Amino acid sequence: MQIAEPLLKVESLVKRYKSSATSVHPESAAAVDGVSLAIPPKKTLALVGESGSGKSTLAFCIASMERPTAGRIWVDGIELTTLSERELRAVRPRVQLIFQDPAAAMNPRWTALQIVAEPMVIQNQIARGEQFDRAQILLERVGLSASAGSRRLAEFSGGQRQRLAIARALALDPKLLILDEAFSALDCSVQAQMVNLLIELQSSVGITCLFITHDLAMAALIADQIAVMDRGRIVESGDASDVVLHPMQEYTRALLAASPRMSQPPAAHNS
């Protein structure tokens, strides 16, 4: 049986920021320190760690929003770290990033259809007459009603706004979806609905996901693999059920103890 090449591959990635002159280490500080990981096509890897562990910085590097200091990144066979800024502009649509507060990236004066269609308008890869038809299909695919297209942002709940953000992210048929604490502001029942939506979309659309969270129990519900990150490094990784049921590191055990329990047991996800 042939093993598929990873959709995302990160190798020895380092991202350093210059520290202030008053810092103990004025030369630089490593937010990401030698991280390597891989995600097979149509699978989800959850990156779990506390605030400040380097998760978001890693996501920004993968999404080409930050240039890494060292290391290599491949998405769908393309090595991003060798590309010029002009070349990166052409491949950025392959990776879409969804944040905790999706409203910050949406025009409150626009309708939901306009919000979802915006990436298609900017990239101009789809005929103008088809853009709103595709936007309507995407709204329905993420579980929003047919009438939602004419509503504005203020008329949607937090969970509905995240559904809208996911529809918008899917507009350009990305290869990789990065969700950075995207569900953490939602209550547990809505979180569970969003987890189910993402698993359903992965099955129907075939998207590959990097799911970033501080909640190890939620990671176990949604992910095939879990990587635990602490102070810029991956300290533990493996199958989701193994990491949750048999954590090897004290840091992982502490994260698990701090995770709020959802409506399903941690080992419920099965891909």
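Assuming Ala63 fulfils every condition listed in (1) among the aliphatic types (A, V, I, L, M); (2) without any contact (Cβ under 8 Å) to a residue 40 or more places away in the chain; (3) farther than 24 Å from Val190 by Cα apart from one, which condition is it?
Of (1) among the aliphatic types (A, V, I, L, M); (2) without any contact (Cβ under 8 Å) to a residue 40 or more places away in the chain; (3) farther than 24 Å from Val190 by Cα, only one is false for Ala63: (2).
Just to verify a result, which residue in the stretch 19-49, among those that are in a loop (DSSP other than H, G, I, E, B) and at pLDDT 80 or above, is surrounded by the most Cβ atoms within 10 Å (Cβ to Cβ)?
Among those residues, the one meeting the criterion is Gly49.
Can you tell me how many residues in the stretch 238-250 are closer than 19 Å to Glu50 by Cβ and either among the β-branched types (Val, Ile, Thr) or surrounded by fewer than 19 Cβ atoms within 10 Å (Cβ to Cβ) (or both)?
Within the stretch 238-250, residues that are closer than 19 Å to Glu50 by Cβ and either among the β-branched types (Val, Ile, Thr) or surrounded by fewer than 19 Cβ atoms within 10 Å (Cβ to Cβ) (or both) number 5.
Just to verify a result, which residue in the stretch 105-131, among those that are among the hydrophobic types (A, V, I, L, M, F, W, C) and buried (at least 17 other Cβ atoms within 10 Å of the Cβ), is farthest from Ala182 (Cα to Cα)?
If we take residues in the stretch 105-131 being among the hydrophobic types (A, V, I, L, M, F, W, C) and buried (at least 17 other Cβ atoms within 10 Å of the Cβ), then Ile126 is farthest from Ala182 (Cα to Cα).
Sort through Ala135, Ala148, Ala63 and tell me the only one that's modelled with pLDDT of 90 or more, in contact with a helix residue (DSSP H, G or I) (Cβ under 9 Å, 6 or more places away or on another chain), closer than 14 Å to Leu170 by Cα and of a type in the set (Gly, Ala, Ser).
Ala135
Hey, among the residues in the stretch 204-215 that are assigned to a loop (DSSP other than H, G, I, E, B) and under 17 Å from Lys42 (Cβ atoms), which one's farthest from the chain's Cα centre (by Cα)?
Gly206
Do we find that Ile178 is out of contact with any Ser or Thr (no Cβ under 8 Å at 6 or more places or on another chain), modelled with pLDDT of 90 or more and not acidic (Asp, Glu) in this structure?
yes
Take the residues in the stretch 50-67 that are aliphatic (A, V, I, L, M) and over 17 Å from Ile78 (Cβ atoms), then tell me which one is surrounded by the fewest Cβ atoms within 10 Å (Cβ to Cβ).
Ala59
Could you list, ordered by first residue, the pairs with Cβ atoms under 9 Å in which the first is in the stretch 117-133 and closer than 21 Å to Ser150 by Cβ and the second is surrounded by fewer than 13 Cβ atoms within 10 Å (Cβ to Cβ) and at pLDDT 90 or above, at least 6 apart or interchain?
Glu118/Asn107; Met120/Glu130
Are any of the residues in the stretch 109-125 of a type in the set (S, T, N, Q), in a helix (DSSP H, G or I) and under 25 Å from Val91 (Cα atoms)?
yes
Please go through the stretch 122-177 and pick out each residue that is more than 18 Å from Gln193 (Cα to Cα) and among the β-branched types (Val, Ile, Thr).
Listed by number, the residues that qualify are Ile122, Ile126, Ile137.
Would you mind stating whether Leu221 is crowded, with 23+ Cβ neighbours inside 10 Å, over 30 Å from Ala117 (Cα atoms) and in contact (Cβ under 8 Å) with a residue 24 or more places away in the chain?
Taking the combined requirement at face value, the residue satisfies it.
If you go through the stretch 216-245 one residue at a time, how many are farther than 29 Å from Ser189 by Cβ, in a loop (DSSP other than H, G, I, E, B) and not charged (D, E, K, R)?
Residues flagged as farther than 29 Å from Ser189 by Cβ, in a loop (DSSP other than H, G, I, E, B) and not charged (D, E, K, R) within the stretch 216-245 amount to 1.
When the residues of the stretch 168-203 are narrowed to those that are acidic (Asp, Glu) and either surrounded by 23 or more Cβ atoms within 10 Å (Cβ to Cβ) or more than 30 Å from Ala127 (Cα to Cα) (or both), which ends up nearest to the chain's Cα centre (by Cα)?
Asp180
Being aliphatic (A, V, I, L, M) and either farther than 23 Å from Gly206 by Cβ or touching a His at 6+ places or on another chain (Cβ under 8 Å) (or both) is the filter; apply it to the stretch 132-148 and report the residue that is surrounded by the fewest Cβ atoms within 10 Å (Cβ to Cβ).
Restricting to residues being aliphatic (A, V, I, L, M) and either farther than 23 Å from Gly206 by Cβ or touching a His at 6+ places or on another chain (Cβ under 8 Å) (or both), the top hit is Ala146.
Out of all the residues in the stretch 54-74, is one or more part of a helix (DSSP H, G or I) and polar (S, T, N, Q)?
For the stretch 54-74, residues part of a helix (DSSP H, G or I) and polar (S, T, N, Q): present.
The values are calculated or read from the model by the stated rules, or taken from the named source; none is laboratory data. The structure presented is a predicted model; accordingly, all values stated were derived computationally and were not measured. Heads up, the Cβs are rebuilt from the backbone with ideal geometry, glycines too, and the neighbour counts pull from every protein chain shown.
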